[in-house]
């Protein structure tokens, strides 16, 4: 009896500590503990309704760019290059800003395409769900970003994370911009929407040097980051910037992570910005899905 009890205890302990407890993930994502986080920043696709096999393949995380192109899919709202606003990008009346879609748009995690931006939180969440996923949570994002090398202002324009340019890179193109878990572009390139909401931030400061000095804007902090790319803290009073609705402190704020292609040393695995409402659209903000 004692021997049987010992065996049971050992088995329970092994089950709790075994690496097998990590998620078994589809090819478009990596296991980060029990979660499957997409390898790449999200791109959004309109897929012909009759392409049910392609839609099923996408939902299993197995669709490639060649599959999407062969099936007549078209990417929607890839970042408008050389355009300072989102006016040139629309998802169409069937997939409105509020996410109450009548025509599905699907999120994909595939390399070699530009990240889709100019998307509201509501649209990003629906695109992830239609692909059998959801927006990554803030906690999952922080875990998945661990170990991503941060070049600060020393972007080599080739392999390091895209942190000091005028345009984003195709997802996965910066080969050295990868985390310990295998997720790409979690520093720089485009800000990434996560699932979490909070109070709309009204000021920004930076993390202490121990945490890289990355941007943090998640509450009524003092001061403003000079040269901030995106809506600065002063817009909390309702000024009208390029890509954002007037801010009202009574609205919730969504969290965006990692920084973007032009934020330099303010990018990083601790960069977090909460001064945008969920209905915001910005050419420098995309998203990442998870399961």
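The values are calculated or read from the model by the stated rules, or taken from the named source; none is laboratory data. Please read all numbers here as calculations on a predicted model, not as lab measurements. FYI the Cβ positions are ideal-geometry reconstructions off the backbone, even for glycines, and counts take in every protein chain you see.
Assorted remarks:
- The combined condition, being crowded, with 17+ Cβ neighbours inside 10 Å, at pLDDT below 95, touching a strand residue (DSSP E or B) at 6+ places or on another chain (Cβ under 6 Å) and over 23 Å from residue 177 (Cα atoms), is not fulfilled by residue 89.
- Considering residues of the stretch 33-64 that are under 19 Å from the mean Cα position of the chain (by Cα) and surrounded by fewer than 18 Cβ atoms within 10 Å (Cβ to Cβ) only, the residue nearest to residue 113 (Cα to Cα): 59
- Screening the candidates 152, 156 for the property of being touching a residue at least 40 places away in the same chain (Cβ under 8 Å) and within 25 Å of residue 264 (Cα to Cα) yields one hit, 152.
- Among (1) modelled with pLDDT of 95 or more; (2) over 20 Å from residue 289 (Cβ atoms); (3) touching a helix residue (DSSP H, G or I) at 6+ places or on another chain (Cβ under 9 Å) - the single one residue 133 does not satisfy: (2)
Yes or no, residue by residue, for (1) in contact with a helix residue (DSSP H, G or I) (Cβ under 9 Å, 6 or more places away or on another chain); (2) farther than 21 Å from residue 262 by Cα; (3) part of a loop (DSSP other than H, G, I, E, B):
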site: 155; (1), (2), (3): yes, no, yes
site: 160; (1), (2), (3): no, no, yes
site: 164; (1), (2), (3): yes, no, yes
site: 168; (1), (2), (3): no, no, yes
site: 172; (1), (2), (3): no, no, yes
site: 175; (1), (2), (3): no, no, yes
site: 195; (1), (2), (3): yes, yes, no
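- Residue 217 being at pLDDT below 90, touching a helix residue (DSSP H, G or I) at 6+ places or on another chain (Cβ under 6 Å) and outside any loop (DSSP other than H, G, I, E, B): no
- Given (1) touching a helix residue (DSSP H, G or I) at 6+ places or on another chain (Cβ under 8 Å); (2) over 30 Å from residue 49 (Cα atoms); (3) part of a loop (DSSP other than H, G, I, E, B); (4) modelled with pLDDT of 95 or more, index of the condition residue 119 fails: (2)
- Just one of (1) surrounded by fewer than 19 Cβ atoms within 10 Å (Cβ to Cβ); (2) modelled with pLDDT of 95 or more; (3) more than 16 Å from residue 287 (Cβ to Cβ) fails for residue 166. It is (2).
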